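The values are calculated or read from the model by the stated rules, or taken from the named source; none is laboratory data. This structure is a prediction, so every number in the text was calculated from the model and none was measured. Note that we place each Cβ from the backbone using ideal geometry, even for glycine, and neighbour counts take in every protein chain shown. Remember, those area values only see protein heavy atoms, side chains included, never the ligands or the DNA or RNA. Shrake-Rupley method; radii C 1.70, N 1.55, O 1.52, S 1.80 Å.
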Amino acid sequence: MTHLQAGLSPETLEKARLELNENPDTLHQDIQEVRDMVITRPDIGFLRTDDAFILRFLRARKFHHFEAFRLLAQYFEYRQQNLDMFKSFKATDPGIKQALKDGFPGGLANLDHYGRKILVLFAANWDQSRYTLVDILRAILLSLEAMIEDPELQVNGFVLIIDWSNFTFKQASKLTPSMLRLAIEGLQDSFPARFGGIHFVNQPWYIHALYTVIRPFLKEKTRKRIFLHGNNLNSLHQLIHPEILPSEFGGMLPPYDMGTWARTLLDHEYDDDSEYNVDSYSVPVKEVEKELSPKSMKRSQSVVDPTVLKRMDKNEEENLQPLLSLD
């Protein structure tokens, strides 16, 4: 075992060997092979290429050197292309701080039976008057940056549960194609984390309709790991044991405290609330609403089930149009 594996338990070491093809005898050589590819992309500023940093990308791509390098390149390219998102990229940034305090994201204390960290999002908590959807994405990315420092989570990965209870149609109308593309690129295509499952619970029909639109732009591996449970919490419990879930998910633990993870990141600054208005931080519209490029997404040819659309009144249908078209 090398010093780079020092943070792993014997069980996780074996898992890394069997599932990720991690070999302590060739670890430094694997890392160097990825590092040597950096010169092939002079258009990208690789701000960090140390051993520990490159190792997380190798683990995320099961030690396929080229795939690990491509993810590393996309990680920095995403940040170069969305510079405004990463200005003041810290927990005390007003928008990020408010999102964190509302549980975007939350993190359960117990790992699942595969050793994965369980992240939770209660979608209806979004206060549109205090922070933007981009702030929520920034808070999630910042949280993942902190969590991925743990080598155990680099190997075991994460599970995400999104509770859509009481998420309004008005809130859903803000989930524009460009915003969704930004999230997909940031989480699926540009971050070195292994997501073992994404679980939707209590989703209204319009979230289900939205999912049919974005589904073609998700990788096959990602699609297979998304589960739409609706109100059937028993199906959730078959995958995540209720003994480690809070009562909101039909679990045996007390209700989740939304500030749990925020207190970890913010520490003594958690209660230091300064005046904040959503206008004090905003990503330029042209950055978020820029045209979809062939590189990132093809135009959607998906059609939402007409039986779903029939349930809308005329105003709702007009409001939903941005969600149903990627033009």
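For the reader, a short list of remarks on this structure follows.
- The amide H of His199, built 1.01 Å from its N in the peptide plane, has Leu160, Ile161, Ile162, Phe227 as neighbours under 5 Å, considering only residues 5 or more places off or on other chains.
- Globularity ratio of region 35-190, using Cα Rg and 2.2 N^0.38 Å: 1.10
- With contacts taken as Cα pairs under 8 Å at a separation of at least 6 residues, region 3-81 carries a relative contact order of 33 percent.
- A simple spin-label model places the labels of Gln81 and Tyr211 2.6 nm from each other, with each point 7 Å out along Cα-to-Cβ.
- With both labels modelled 7 Å from their Cα along Cα-to-Cβ, the Asp267 to Phe227 distance reads 3.7 nm.
- Distance between modelled label sites at Met258 and Gln5, nm, 7 Å Cα→Cβ extension: 4.4
- Accessible carbon and sulfur surface of region 89-269 relative to its total accessible area, %, 1.4 Å: 54
- Region 1-84, accessible surface, carbon-and-sulfur percent (1.4 angstrom probe): 54
- Cα gyration tensor shape for region 3-81, rounded if a/c is under 1.5, else prolate or oblate: prolate
- Full extension of the chain segment joining Phe169 with Gln32 gains 44.4 nm, where the gain is 0.36 nm per residue of separation less the Cα-Cα distance.
- Counting 0.36 nm for each residue step from Asp43 to Ser129 and taking away their Cα separation leaves a gain of 27.1 nm.
- Cβ-defined net charge surrounding Pro10, 14 Å radius [Lys, Arg +1; Asp, Glu -1]: -2
- Cα shape, region 89-269, gyration tensor, a/c 1.5 rule: rounded
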